[in-house]
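The values are calculated or read from the model by the stated rules, or taken from the named source; none is laboratory data. The model shown is predicted, which means the values in this text are computed figures rather than measured ones. Here Cβ is always computed from backbone atoms with ideal geometry, including for glycine, and neighbour counts include all displayed protein chains. Please note that ligands, DNA and RNA were not included when accessible areas were found on the heavy atoms of the full protein model with its side chains. Shrake-Rupley method; radii C 1.70, N 1.55, O 1.52, S 1.80 Å.
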Amino acid sequence: MLKKDLRTHFLDLRDHTPVSTLENASLALSENVLKLPVWDVSTFHIFLHSPDKKELDTRPILRILREKNKDILVPRMSPNHQLQHILLTEDTILEVNSWGIPEPVSGVSVEPDKVDVVFTPLLAFDRRGHRVGYGKGYYDRFFAHCRKDCIKIGLSLFEAVEEITDAGENDIPLNYCVTPLRIYEF
């Protein structure tokens, strides 16, 4: 399927997912995250979820990262469609932006080449590790500036589709995608 069709389909599916199902899926997904072979590195980027958009709740993963004493970076969107990667601390003040996504007001910015692992939002992914996001390209631009050994992990409410037919050669595939039911490795 084409990215635009997958985006429409999975946004509709997610919109019709009961909140209780989403809560249970978020917990199951975080349990699967613990099984990933990524815990020997230190700097993790993770998106903060938007409850209004019925995104998977990333707070259980944030708790895991804190318990494991990892450096946690969260995104702040800039007007030029780039992400800034802000160190999350006890003092970080978050505000909901115009898209309904919590982001840090200020803080220490970290360059993409310092990131070891990225937990990335997505709407759909295929069996080759290509992903469909919201269509603004924030994470595609971010991945292009990461080190080659940076581990890119998608977090998905739904299982893989067979193929994203318009995935291009500039699309950077994921290394893993975690769902409530399983872990995909690419």
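Points to keep in mind about this one:
- Annotation note: chymotrypsin sites (Phe, Trp or Tyr not before Pro) in the range 58-138 located in DSSP loop regions with a Cβ neighbour count of at most 10 within 10 Å are absent.
- Modelled spin labels at E159 and S42, positioned 7 Å past Cα toward Cβ, are 4.0 nm from each other.
- Accessible-area ranking of D57, D166, largest first, probe 1.4 Å: D166, D57
- Reference-scaled alpha-carbon Rg (2.2 N^0.38 Å with N residues) for the range 37-77: 1.23
- Between R141 and R182, the simple spin-label model (points 7 angstrom out along Cα→Cβ) gives 3.5 nm.
- For the range 32-57, the residues whose amide N sits under 16 Å from a probe point set 7 Å from the Cα of Y134 along the beta carbon direction are 46-57.
- Taking all pairs of distinct alpha-carbon atoms in the range 84-186, Kirkwood radius in angstrom: 14.8 Å
- Residues R63 and D5, FRET efficiency given R0 of 41 Å [Cβ-Cβ distance, rounded to 0.05]: 0.70
- Estimated translational D of the chain in µm²/s (Stokes, Kirkwood radius over Cα pairs; 20 °C; 1.002 mPa s): 129 µm²/s
- When L123, L27 are compared by accessible area at a 1.4 angstrom probe, the order from most to least is L27, L123.
- For the range 131-142, Karplus couplings with θ = phi - 60° (6.51, -1.76, 1.60), whole Hz, Gly/Pro x: 10, 10, x, 7, x, 8, x, 4, 6, 4, 5, 4
- The mean sequence distance of close C-alpha pairs (under 8 Å, at least 6 residues apart), as a share of the length of the chain, puts its relative contact order at 24 percent.
- Geometric descriptor of the range 1-92, per residue, is 150 Å³ (volume of the convex hull of the Cα atoms).
- Under 14 Å from a label point set 7 Å out along the Cα-to-Cβ vector of N170, the amide N atoms of the range 123-141 belong to 136-141.
- Mean separation of Cα contacts under 8 Å, 6 or more apart, over the residue count of the range 115-186: relative contact order %: 39 percent
- Sorting E169, E67 by solvent-accessible area of protein heavy atoms yields E169, E67, largest first, with a 1.4 Å probe.
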